[in-house]
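Asker: Below is the structure I would like to discuss, written out as structure tokens.
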Amino acid sequence: MTQLPGLLDTEAIRKDFPVLDRVVHDGQRLVYLDNAATSQKPRQVLDVLNDYYERSNANVHRGVHVLAEEATALYEGARDKVAAFVNAPSRDEVIFTKNASESLNLVANMLGWADEPYRVDQDTEIVITEMEHHSNIVPWQLLSQRTGAKLKWFGLTEDGRLDLSEIEQIITEKTKVVSFVLVSNILGTVNPVEAIVRRAQDVGALVVIDASQAAPHMTLDVQALQADFVAFTGHKMCGPTGIGVLWGRQELLEDLPPFLGGGEMIETVSMHSSTYAPAPHKFEAGTPPIAQAVGLGAAVDYLTSIGMDNITRHEHALTHYAVGRLLEVPDLRIIGPTTAEERGATISFTLGDIHPHDVGQVLDEQGIAVRVGHHCARPVCLRYGIPATTRASFYLYSTPAEVDALVEGLEHVRNFFG
Amino acid sequence: MYQDVILDHYKNPHGRGLRDGDAEVHHVNPTCGDEITLRVRLDGDTIEDVSYEGQGCSISQASASVLNELLVGKELAEARRIQETFLELMQSKGKSEPDDAMEEVLEDAIAFAGVSKYPARVKCALLSWMAWKDATAQALGETAGGKTA
């Protein structure tokens, strides 16, 4: 078996993930390489979810009975864990949402209803990039259409990186908000945060970072990033679906208006008007995803016990190996950086003229799960003149043997359609 | 799912390329980016030609080739029966084995029976057939009511 420096003890880790033992299609061992879509869940998270429902299930922040108090403590305890995980200065800066899309929509709507100095209107500009997931494009298009603000974006270079050569023309005195992805879900590119944040701060624009593909794979330090908002989702980082996070700087969360109204987010309500609870509750209307938040807390504990830096090192070694092996496959073109530097463990590619759907289907017949299509980042496909890609994405339990299985699988695909 | 018949049509498509037609449509499958531009040419009630150009997976490309082979030269009523039978096959979710009667109507298209088990791919197989139905309706609209926009 291939040994690479920096790899985790995947034999031990894989025992935590029951689904990785699955056999599919009459005897094919599952090779799960669709981690950028969603990660698998360790037993440690599944057990916590189960325990919560079996022992402590109640609604939070109300009721004086034992279960209500336990559920509240577990839910708020998860907030503490997430706050520590991202090095937030205050736990009150962590808002639970249902996913990263909701987190980003929440920011866009806070700004859409804000007064000066945050107000986005027809005299102002919004900046995004061409490599965003649709969830960091469409909310800003909606805000732009509703307010008249101009939407601008950074283009991409041939090798899959942001083209920042015209940063001073793109981020200007009119820019109110700059929102960009930390790690691309299709190209794998890790973006240069500092250069963008510095320019945004120079012109007084708010910075929003989509960290959906970063939080599962690297140490996320919201203070070091110097952003104003950071969004990510739980299900890509060993947590359950239905739970996302928006971290925001405290003074902004105090100043900006709520978006969704309802229970939990109020202080007092009369028939004429209401006053709001302080953040984060101001932004968490209605019964929250309680079990899911508790599950995310368990996922954070699990990842922390392995060590985020160790996970990064593992994935870097694996990415280096995978890029090298994939480039050996004839007619394979990597869409994105072709080295392991400044890139995550998500690799998109095309294989000659063979359509990604066919690639994915024939790989599936061999038990190999990849994602095919435009990966909710259609502008990237348009930019590179391709209808779609095949995407393999790795995680802490992925192994060099799985990279080898993918490469062999692709040889089979080539022979099949050749 | 990848029957030899499908692979043959994919590698050696029948009637590919755009030729003169009475109506042209462009259909896309937004989930995977398959695209087809398809033209229908009628001679009274007879389908004189179905020409097409497009990009997409083997299933969508082979399906367009089979459509061309099956429908060109047929009377419209017969072609509609084939289209409806193909639609029925693709919506069967792989539950029922196609019977002899169906096989007689569909000829090569019966090879797509296996595709019906894969919901994500059914739309690929149906893309050209939906485009044909649309183009034919437009072509008939023109013959019946003069040129329409």
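The values are calculated or read from the model by the stated rules, or taken from the named source; none is laboratory data. Values in this document were obtained by computation on a predicted structure and should not be read as measured data. Glycine gets a Cβ as well: all are built from the backbone with ideal geometry, and neighbour counts include every protein chain shown.
Asker: Six or more apart or on different chains, Cβ under 7 Å: which pairs go from a residue in region A:291-311 that's touching a residue at least 12 places away in the same chain (Cβ under 8 Å) to one that's among the hydroxyl-bearing types (Ser, Thr, Tyr)? Could you list them?
Answerer: From region A:291-311, the pairs are A:ALA291/A:TYR52; A:ALA291/A:TYR53; A:ALA293/A:TYR75; A:VAL294/A:TYR52; A:VAL294/A:TYR75; A:MET308/A:THR219; A:ASP309/A:THR219.
Asker: Right, next: What tally of residues in region A:365-378 results from selecting those that are within 25 Å of the chain's Cα centre (by Cα) and either at pLDDT 95 or above or facing chain B (nearest Cβ under 9 Å) (or both)?
Answerer: Initially, region A:365-378 is screened for residues within 25 Å of the chain's Cα centre (by Cα), giving A:368-378.
If we keep only those that are either at pLDDT 95 or above or facing chain B (nearest Cβ under 9 Å) (or both) too, we end up with A:368-374, A:378.
Adding up the residues that qualify gives 8.
Asker: Could you list, in sequence order, the residues of region B:84-98 that are over 13 Å from B:PHE112 (Cβ atoms) and either of a type outside the set (Lys, Arg) or in a helix (DSSP H, G or I) (or both)?
Answerer: B:GLU84, B:SER96, B:GLU97, listed by residue number.
Asker: Additional query: Filter region B:114-128 down to residues that are within 12 Å of another protein chain (Cβ to nearest Cβ) and over 15 Å from the mean Cα position of the chain (by Cα) and give me whichever is modelled with the lowest pLDDT.
Answerer: B:ALA120
One line per residue, one yes/no per condition, for (1) without any contact (Cβ under 8 Å) to a residue 40 or more places away in the chain; (2) hydrophobic (A, V, I, L, M, F, W, C); (3) outside any loop (DSSP other than H, G, I, E, B):
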position: A:ARG333; (1), (2), (3): yes, no, yes
position: A:ILE347; (1), (2), (3): no, yes, yes
position: A:GLY360; (1), (2), (3): yes, no, yes
position: A:CYS376; (1), (2), (3): no, yes, no
position: A:VAL380; (1), (2), (3): no, yes, yes
position: A:ILE386; (1), (2), (3): no, yes, no
position: A:ARG391; (1), (2), (3): no, no, yes
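Asker: Quick one: B:ARG81 ticks every box in (1) within 14 Å of the chain's Cα centre (by Cα); (2) exposed (fewer than 15 other Cβ atoms within 10 Å of the Cβ); (3) closer than 30 Å to A:GLY418 by Cβ except a single one, so which number is it?
Answerer: Condition (3) is where B:ARG81 drops out.
Asker: In addition: Hey, can you tell me all the residues within region B:52-77 that are more than 13 Å from every other protein chain (Cβ to nearest Cβ), within 23 Å of B:ASP4 (Cα to Cα) and either assigned to a strand (DSSP E or B) or of a type in the set (Asp, Glu) (or both)?
Answerer: B:TYR52, B:GLU53, B:GLU69
Asker: Being polar (S, T, N, Q) and assigned to a helix (DSSP H, G or I) is the filter here, so list the residues in region A:247-299 that pass it.
Answerer: Within region A:247-299, A:GLN250, A:GLN292 meet the criteria.
Rundown of residues vs (1) away from chain B (no Cβ under 12 Å); (2) closer than 20 Å to B:VAL28 by Cβ; (3) touching a Ser or Thr at 6+ places or on another chain (Cβ under 7 Å), yes/no style:
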| site | (1), (2), (3) |
| --- | --- |
| A:THR346 | yes, no, yes |
| A:HIS355 | no, yes, yes |
| A:ARG383 | yes, yes, no |
| A:ALA388 | no, yes, no |
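Asker: Can you tell me which residue within region A:398-418, out of those that are part of a loop (DSSP other than H, G, I, E, B) and surrounded by fewer than 24 Cβ atoms within 10 Å (Cβ to Cβ), is nearest to the other protein chains (Cβ to nearest Cβ)? Talk me through it step by step, then tell me what you get.
Answerer: Just the residues of region A:398-418 that are part of a loop (DSSP other than H, G, I, E, B), to begin with: A:398-399, A:418.
In the following step, the residues that additionally are surrounded by fewer than 24 Cβ atoms within 10 Å (Cβ to Cβ) were identified as A:399, A:418.
Values: A:THR399: 27, A:GLY418: 9 Å.
Per the stated criteria, the residue is A:GLY418.
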